[in-house]
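Visitor: The structure follows.
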Amino acid sequence: MPTFKSPSSNAISTQRSADTSRRFDAHAEVYDARVGVPESALTQVAQKIIQCLAGKPENKPNLLEIAPGTGELAQFLFPLCHYHGLEGSQGMLAQLHQRLGALASTHVESSPAELADANQTWPVADASQDAIVIARAAHLLARDHLIKEVRRCCREHSAFLILGRVQKAPDSVAAQLRRMLHQRLREHGHQPRRGGKIHQQLAASIDKDYRTLSAACWQVSESPLQVLNTWRDKTGLGGVVLNAREHVKILDQLEQQCKEHFGDIEKKQQSGREYQLLCATIR
């Protein structure tokens, strides 16, 4: 009988990166409308990130953003530092370059971001960065490789890994639906991803005394139906990639559960959001 070798972890990581890039390519043009953060909040987040680096002797620190997406945060970081981004989705990168076009040089060699798979060796010089920022994308990256590259690329003596995440109020419509969704996924034999834990574990692996900072707060108005409709357009649920039939089935079940729980699923409710930064010192 023929023997088969298991694929290497590098090959698996590369395939996952390719699959993720294709998913984000498909949604690049509508990504901000679906999960974007208000510009007023992003301004505060960028300023808070730079404040974390206030002790740096340079007027403008070197800052590398991994998976900057459409550049919604990059546009506010760019004027405040020597910025560079590594983005794995061509569609997202196109949106970023369009967004930063008025700010960045048109020369290719000074482009603010480039296409790169962050699960492979980063095209960044050793000991060249004062900070590495990953905003709402840490769960997409291979943890051990990420830690290795962070340590390689950061300057010695108090560089920073800064992780961004958006926290929903526990009683918000989105948070309640997320808990319902996770229960449905478990009933179907899947294990949903716990994004908050991933950020905490990653920060602690760099610095057990990492800081959690509140960078911005804002209000949103949303209905259960709005949240469900955004999930219908996704290719995965709760970090789990499903086949089309199961995807529809789970969301149909969830919609019926929402009708029983909320009553009018088109009624909007106000709730809070908080943008948190986990700041780990790289010693």
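All of the numbers you see were taken from the coordinates with simple rules; none came from a lab. Owing to the predicted nature of the structure, the values given are computational and were not obtained by experimental measurement.
Visitor: In whole Hz and in residue order, list the ³J(HN,Hα) couplings for region 70-75 that follow from phi through the Karplus curve 6.51 cos²θ - 1.76 cosθ + 1.60, θ = phi - 60°; x for Gly and Pro.
Guide: 7, x, 5, 8, 4, 4
Visitor: Starting from the alpha-carbon convex hull of region 85-188, give the projected area averaged over all orientations, in nm².
Guide: Projected over every direction and averaged, the Cα hull of region 85-188 covers 9.7 nm².
Visitor: Tell me, Kirkwood radius of region 183-283 from alpha-carbon pair distances, in Å?
Guide: On the way: mean 1/r = 0.0616 Å⁻¹.
Answer for region 183-283: a Kirkwood hydrodynamic radius of 16.2 Å.
Visitor: Taking θ as phi - 60°, what are the ³J(HN,Hα) couplings along region 137-146 by the Karplus curve (6.51, -1.76, 1.60), each to the nearest whole Hz, with x for Gly and Pro?
Guide: 9, 4, 5, 8, 10, 6, 4, 4, 5, 4
Visitor: A further question on this structure: How compact and how long is region 193-243, expressed as Rg and Dmax of its alpha-carbon atoms in Å?
Guide: 15.8, 41
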